[in-house]
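Participant: Before I ask anything, let me first share the structure, which is written out below as structure tokens.
The values are calculated or read from the model by the stated rules, or taken from the named source; none is laboratory data. Please read all numbers here as calculations on a predicted model, not as lab measurements. Cβ placement follows ideal geometry from the backbone for every residue including glycine, while neighbour counts extend to all protein chains displayed.
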Protein chains: 2
Amino acid sequence: MYQQIKGLILHSLQHGEWKPGEVIPSEMDLAARFRVSQGTVRKAIDELAADNLLMRRQGKGTFVATHAERQVQYRFLKLMPDVGDAREEGPAQRTILECKRSRAPVEIARALQLRTGDPVIQARRILSFAGVPTILEDIWLPGQAFKGLTAEQMAEYQGPTYAMFELDYGVRMVRAEEKIRAIAPDEEQANLLLVPVGTPLLSVERLAYTYNDVPMELRRALYRTDTHHYHNSLS
Amino acid sequence: MYQQIKGLILHSLQHGEWKPGEVIPSEMDLAARFRVSQGTVRKAIDELAADNLLMRRQGKGTFVATHAERQVQYRFLKLMPDVGDAREEGPAQRTILECKRSRAPVEIARALQLRTGDPVIQARRILSFAGVPTILEDIWLPGQAFKGLTAEQMAEYQGPTYAMFELDYGVRMVRAEEKIRAIAPDEEQANLLLVPVGTPLLSVERLAYTYNDVPMELRRALYRTDTHHYHNSLS
DNA sequence: GAGTGGTCTAGACCACGCG
DNA sequence: GCGTGGTCTAGACCACTCA
């Protein structure tokens, strides 16, 4: 039964009944609405909180998770400085190189579950830490959901790109899968990251999903790993 | 209170009261032992199961997690074939190149929380898939806990190395942290993996911990990523 | 059919945040 | 002081496993 309740809450999240950052009704209210006991609602919320879809705060309520919060900002970025920690390093400087409407090549279309040739937004940018260009990213977004996204918008928005997606397009990224390889950059890539052509780089291909396992973003990035590393916790 | 119960159960796990793969007492029994209700024990076990320290099986009981089980075998190995899946590929073929007693260099000692010069076991091996050498691993283990480990032992044991550690040395790896970089191999490394010297490889440095966050293994591996990739799920 | 974990309930009290 | 989530309890019943 709590799985059903979970489904109902999920449905409300998907349909924007409660927006990212907002409180959802109290456990008692939801229990009344769904005609179950508080404990059942609690278990449903527990699992949604474990999946990072909701955030509980004692004394205040349960909130729809958002990429805009300080604590969980850059949740999907696993690149860490070799010395010090990510907080003191602060957010990256962003340089948008390009942001254009185009048509999905086969590969991209398949990943985003579109048809080949469907409209997509394609963006390329560089993230720098302490002035050193460290990440080169190519981003593909389904054109339909992100109609009107411009380079200016990507440049202007302070904070995580995923937070901007929530605010301006109502698209919340919920989870992602990454495939990581070591590759040698081509000349253009090497020039953009200011490294010699032979330098090994981390290739990180990320497919990010919104609710219901719908893929909404494909991101292909190259990470310099001379002063940073990709950090992963296994358990 | 359930945190205290969790601590007590953890203590029993650490001290080997229940060994990997065994059942622990039922929730009712533990509730009686600790003088709390079943629900409190349940919550403690829930969290331990979420941390992969315990495994629940409905109708049978709660078991101490182990690396020997089919389902969770190679839990810490995130390298996946680009096509097909890891199960059909089967386990890797192992070639032990070396396994010797030595003294911990500064770096290794710091990672394993030993003193420089303390005895360590050092092993080097190659893992191959479909006959292709794909992983070159250097493993460092504290000499005290792994006294007597030999190359033969590493070669003979069928199944995950971590399962062998549990069985023969009573050391259970509970979680791990990995730092990933892209590097170019030196000549020796390149020869062992049968790749040209310039080939970018994934460098994966893993520190594996047993109970209580005690580091028990440092592993430095190079992964070929021409037919495989490192897979990571973010949420 | 006995024993295990899994779920649901209802009620009580606690800890926290905030007006 | 009220409302929120957090915890603990006790009892009931269900689903699964295995002798």
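Participant: Report the residue count in the stretch A:208-235 for those that are touching a helix residue (DSSP H, G or I) at 6+ places or on another chain (Cβ under 7 Å) and over 25 Å from B:Arg206 (Cα atoms).
Facilitator: The number of residues fulfilling the criteria is 4.
Participant: For the stretch B:35-72, what are the residues that are within 11 Å of DNA strand D (Cβ to nearest atom) and of a type in the set (Ser, Thr, Tyr)?
Facilitator: Across the stretch B:35-72, the qualifying residues are B:Ser37, B:Thr40.
Participant: I'd like the full set of residues that are free of Cβ contacts under 8 Å to residues at least 60 places away in the same chain and aliphatic (A, V, I, L, M), limited to the stretch B:95-146.
Facilitator: Within the stretch B:95-146, B:Ile96, B:Ala104, B:Val106, B:Ala109, B:Leu114, B:Val120, B:Ile121, B:Ala123, B:Leu127, B:Ala130 meet the criteria.
Participant: Test each condition in (1) over 30 Å from B:Tyr211 (Cα atoms); (2) modelled with pLDDT of 95 or more for A:Ala163 and report the one that comes out false.
Facilitator: (2) is the only condition that A:Ala163 fails.
Participant: Next question, about the same structure. Select from the stretch B:195-207 the residues that are in contact with a helix residue (DSSP H, G or I) (Cβ under 9 Å, 6 or more places away or on another chain) and crowded, with 21+ Cβ neighbours inside 10 Å and list them in ascending order.
Facilitator: B:Leu201
Participant: Something else: Does the stretch A:171-186 include one or more residues that are acidic (Asp, Glu), away from chain B (no Cβ under 13 Å), surrounded by fewer than 16 Cβ atoms within 10 Å (Cβ to Cβ) and out of contact with any strand residue (DSSP E or B) (no Cβ under 9 Å at 6 or more places or on another chain)? Before the answer, list the steps.
Facilitator: Keep residues of the stretch A:171-186 that are acidic (Asp, Glu), which gives A:177-178, A:186.
When the remaining residues are screened for being away from chain B (no Cβ under 13 Å), the result is none.
Among the residues of the stretch A:171-186, not one is acidic (Asp, Glu), away from chain B (no Cβ under 13 Å), surrounded by fewer than 16 Cβ atoms within 10 Å (Cβ to Cβ) and out of contact with any strand residue (DSSP E or B) (no Cβ under 9 Å at 6 or more places or on another chain), which makes the answer no.
Participant: Given the residues B:Tyr223, B:Tyr209, which is the only one that is within 12 Å of chain A (Cβ to nearest Cβ), aromatic (Phe, Trp, Tyr) and in contact with a Leu (Cβ under 7 Å, 6 or more places away or on another chain)?
Facilitator: Checking each option against the conditions leaves just B:Tyr223.
Participant: On to the next question. Which residue is farthest from the chain's Cα centre (by Cα), if the candidates are limited to the stretch A:51-72 and must be under 29 Å from A:Asp226 (Cβ atoms) and within 14 Å of another protein chain (Cβ to nearest Cβ)?
Facilitator: A:Val72
Participant: Keeping to the stretch A:1-26, report how many residues are free of Cβ contacts under 8 Å to residues at least 40 places away in the same chain and touching a Gly at 6+ places or on another chain (Cβ under 9 Å).
Facilitator: 2
Participant: Restricting to the stretch B:146-170, give me the number of residues that are within 14 Å of another protein chain (Cβ to nearest Cβ) and of a type in the set (Gly, Ala, Ser).
Facilitator: 0
Participant: With respect to B:Pro81, determine if the residue is more than 17 Å from the chain's Cα centre (by Cα) and without any contact (Cβ under 8 Å) to a residue 12 or more places away in the chain.
Facilitator: no
Participant: Give the residue that is nearest to B:Asp213 (Cα to Cα), with candidates limited to residues of the stretch B:6-30 that are buried (at least 17 other Cβ atoms within 10 Å of the Cβ) and in contact with a Ser or Thr (Cβ under 6 Å, 6 or more places away or on another chain).
Facilitator: B:Pro20
Participant: If I filter the stretch A:31-50 down to residues being without any contact (Cβ under 8 Å) to a residue 12 or more places away in the chain and under 23 Å from A:Asn212 (Cβ atoms), which single residue comes out as nearest to the other protein chains (Cβ to nearest Cβ)?
Facilitator: My answer is A:Ala50.
Participant: Could you run through the stretch B:100-150 and say how many residues are more than 18 Å from the chain's Cα centre (by Cα) and either hydrophobic (A, V, I, L, M, F, W, C) or not assigned by the TED database to the domain that holds B:Tyr223 (or both)?
Facilitator: The total comes to 7.
Participant: Please pick out the residue among B:Thr116, B:Thr134 that is modelled with pLDDT of 95 or more and surrounded by fewer than 16 Cβ atoms within 10 Å (Cβ to Cβ).
Facilitator: Working: B:Thr134 fails: surrounded by fewer than 16 Cβ atoms within 10 Å (Cβ to Cβ).
Only one candidate passes the filter, namely B:Thr116.
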